[in-house]
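First the structure, in the form of structure tokens, and then the observations on it.
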Amino acid sequence: MQNTTERKDVYTRITAQIVEHLEKGVRPWIRPWNAEHAAGRITRPLRHNGQAYSGINVLSLWMSALSQNFAAPIWMTYRQATEMNAHVRKGERGSLVVYANAITRTEHDEKTGEDTEHEVPYMKGYTVFNVEQVEGLPEIYYAKAVPTHDPIARIDHAEEFFGSLGAAIRHGGNRAYYSQELDYVQMPPFEAFRDAESYYGTLAHELTHWTKHEQRLNRDFGRKRVGDEGYASEELVAELGSAFVCADLELHQEPREENAAYIATWLEVLKNDNRAIFAAAAHAQRAADYLNQKATAAQVPGTCAA
């Protein structure tokens, strides 16, 4: 019962935070960072050992960074700080992350005399602190970044990443979309975008849609008309997936104007189901993982990128 209560509380707490941001017109997965830290101009939140968080924890910590204006993307527990001979400043408030796993239970059937095993999922929350809330850490945790980006030029590593995916990408016109029936991504010309990162952010969004094809991740939310819940759910996955991919590529991402109309629908979905954002983040994480795996496989000779 305690695990069930804690899990519900975690769902409620994180969903409430996201709802609060959306009601202000702020999408917490867009620019919840700044460019001042050497660990990454734009990055997913990192554990103290450099390992990246994933899924819902990315959103939770991005929200904390946004609300408290943290430049550093690195987080650690109170105990980890202590083990490094550092200490969390008095009065600092920690941020919520979650850990999900499953335990195996064996049940005995009195009628058949057989034992059966089944997995019982559980989730628990714990608290972490940004390194800017911690004193006494090695200087590398506080290091500032040196700006090196040219916003006009194409970005080589992004070109290589998106070019390696094997997706059919067409250029022309003034709309960006994914055609599931014909399985291609349509993009306006590169020169039509305000800057290179706007182009790559839009491309990441459409390629997240591309992953839903039945021959890839086979993602389907049912209804698909503009404005309905199924359509908005897929748009939310694409928003989160592109945010994850752009963070992995250290690309800045601005809000897509056409998605502002979905905020009201997202709010309705999240208020009715406190697990919806967890599901969307999980789908987005799978999409980002799929794209990253495709890109990695394409760079390894003799590897088949399914």
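Please treat every number below as a calculation from the coordinates, not as lab data. Just so it is clear, the model here is predicted, and its values are computed rather than measured. Backbone-built Cβ (ideal geometry, glycine too); neighbour counts: all protein chains shown.
For the reader, a short list of remarks on this structure follows.
- Set of aspartates and glutamates near LYS144 by C-alpha distance (under 13 Å), chain-local residues within fewer than 8 positions excluded: GLU36, GLU132
- Sites LYS144 and ARG13, calculated FRET efficiency, Cβ-Cβ separation with R0 41 Å, nearest 0.05: 0.80
- Under Karplus coefficients 6.51, -1.76 and 1.60, residue-wise ³J(HN,Hα) of the stretch 190-200 in Hz, glycine/proline x: 3, 5, 7, 8, 4, 7, 4, 5, 5, 5, 5
- Compared with the direct C-alpha span, the chain from ASP228 to ARG275 gains 15.1 nm at full extension, assuming 0.36 nm per residue.
- The orientation-averaged shadow of the Cα convex hull for the stretch 162-295, equal to a quarter of the hull surface, comes to 7.8 nm².
- Cross-link reach list, aspartates and glutamates versus LYS24, counting only Cα pairs under 20 Å and skipping chain neighbours closer than eight places: GLU235, GLU239, GLU254, GLU257, GLU258, GLU268, ASP273
- Amide hydrogen proximity for ILE74: with H placed 1.01 Å from N in the peptide plane, the residues at 5 or more positions away or on another chain lying under 5 Å are LEU46, VAL131.
- Separation in nanometres of the label points that stand 7 Å from Cα toward Cβ, at ARG93 and THR127: 1.1 nm
- All Cα pairs of the stretch 63-125, percent lying beyond 17 Å: 64 percent
- Cα gyration tensor shape for the stretch 75-207, rounded if a/c is under 1.5, else prolate or oblate: oblate
- A simple spin-label model places pseudo-atoms 7 Å from Cα toward Cβ; at ASP115 and ALA52 they are separated by 4.2 nm.
- Proportion of all alpha-carbon pairs of the stretch 165-209 beyond 15 Å (%): 35 percent
- Placing dummy labels 7 Å off each Cα toward the beta-carbon, the span from ASN101 to ARG286 is 2.3 nm.
- Residues whose placed amide H lies under 5 Å from that of TYR184, excluding near-sequence neighbours: SER179
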